[in-house]
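**Student:** Starting off with a structure, shown below.
Every number here is computed from the coordinates shown, using simple stated rules; none is lab data. For clarity, every value in this text was computed on a predicted model and none was experimentally measured. Backbone-built Cβ (ideal geometry, glycine too); neighbour counts: all protein chains shown.
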Amino acid sequence: MDPVSESQSAPDGEMLYPDSAYGSSAMDTDTDDGRTPSTKAITYDEELMHKTILVGDSGVGKTSLLVQFDQGKFIPGSFSATVGIGFTVMLLGDSAVGKTCLLVRFKDGAFLAGSFIATVGIDFRNKVVAVDSVKVKLQIWDTAGQERFRSVTHAYYRDAQALLLLYDITSRSSFDNIRAWLTEIHEYAQQDVVIMLLGNKSDMSNERVIKREEGEKLAREYGVPFMETSAKTGVNVELAFLAVAKELKHRCVQQPNEPSFHIHDYIESQKKKTSCCGFM
Ligand SMILES: Nc1nc2c(ncn2[C@@H]2O[C@H](COP(=O)(O)OP(=O)(O)OP(=O)(O)O)[C@@H](O)[C@H]2O)c(=O)[nH]1
Ligand SMILES: [Mg+2]
């Protein structure tokens, strides 16, 4: 299933946050499901964090109001409705495992090469994908892996419907820390949250220290799906997000006579398809 691009393109002059590896677009922040972690509103004091939900009929101007607040300007032109079905996906894992790069690869199809800019607090971007001809909007929260931001990100766990937990196949410590991440997830996240383990930087085979089998074993132990990804080459990046989108959509909207969806089976079948074409 190919992802479809978002119906609203980012406005000119997209605001770039100096601490962020990429810009955050106000057009991306208006969600019908009301999860609106405006980058502006985020402070690093958990007590002061709040959420504001824009509700109202389609076309009344919720998105325009938000753009006016975030960027101080009105975006004229064609009206394009914000899609109705949406889920929040959170990226977790140690600093430098490639969370931001994975998101940029998925959202923009590009690789953020060059100097590493650690994420501060939390950033987010939206992407709409098509699942069985239903438009599913994923709001993807890119968290800071650095320890000092842990209390900020904890506050967001409970709002996430899916968590992509990353380690770096060239970093033993990032893999060893996965157990600690899963402990935190069980403490702070929703009980039925979809979790997927990703071994990132699979392109760096010369520097690999974590065998694929080790990742598979750990994932089996926790009963979560697993795959290796590369934000650099794009291997399995779309598959990871699409599998999560499919799982969430099937949980939310089950059409009559539609076969039930099993994320493990889907991933295995898709991975086989990819490997038989020589891309893995
Ligand atoms: N070769 C290779 N390098 C990668 C890949 N993904 C990320 N990197 C590099 O790894 C470094 C860290 O990437 P980020 O995406 O910024 O890491 P992060 O997990 O977001 O880090 P924090 O924001 O601190 O939590 C950067 O220098 C990237 O260029 C990958 O798949 N392959
Ligand atoms: Mg980052």
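**Student:** Show the residues, 5+ positions off or on another chain, whose built amide H is closer than 5 Å to the amide H of Glu228.
**Tutor:** Placed amide hydrogens put Gly199 under 5 Å from Glu228.
**Student:** For the cross-link pairs Lys211/Lys232; Lys127/Lys217; Lys135/Lys271; Lys137/Lys246; Lys99/Lys135; Lys135/Lys201, which exceed 21 Å when the distance is taken from alpha carbon to alpha carbon? Please report the intermediate quantities before stating the final value.
**Tutor:** Values: Lys211/Lys232 19 Å; Lys127/Lys217 31 Å; Lys135/Lys271 23 Å; Lys137/Lys246 11 Å; Lys99/Lys135 24 Å; Lys135/Lys201 29 Å.
Checking Cα-Cα distances, Lys127/Lys217; Lys135/Lys271; Lys99/Lys135; Lys135/Lys201 exceed 21 Å.
**Student:** Which order do peptides 238-250, 152-164, 107-119 fall in by mean Cβ count within 10 Å, highest first?
**Tutor:** On the way: 238-250: 22.1, 152-164: 20.5, 107-119: 13.4.
Per-residue mean Cβ counts within 10 Å order the peptides as 238-250, 152-164, 107-119.
**Student:** For Asp168, list long-range residues whose amide hydrogen, built 1.01 Å from N in the peptide plane, is under 5 Å from its own amide hydrogen.
**Tutor:** HN-HN under 5 Å from Asp168: Ser174, Phe175, Asn200.
**Student:** 5 Å is the cut-off here: which amide hydrogens, built 1.01 Å from N in the peptide plane, fall below it relative to Phe87, excluding neighbours closer than 5 in sequence?
**Tutor:** So Phe87 has HN proximity to Lys137, Leu138, Gln139.
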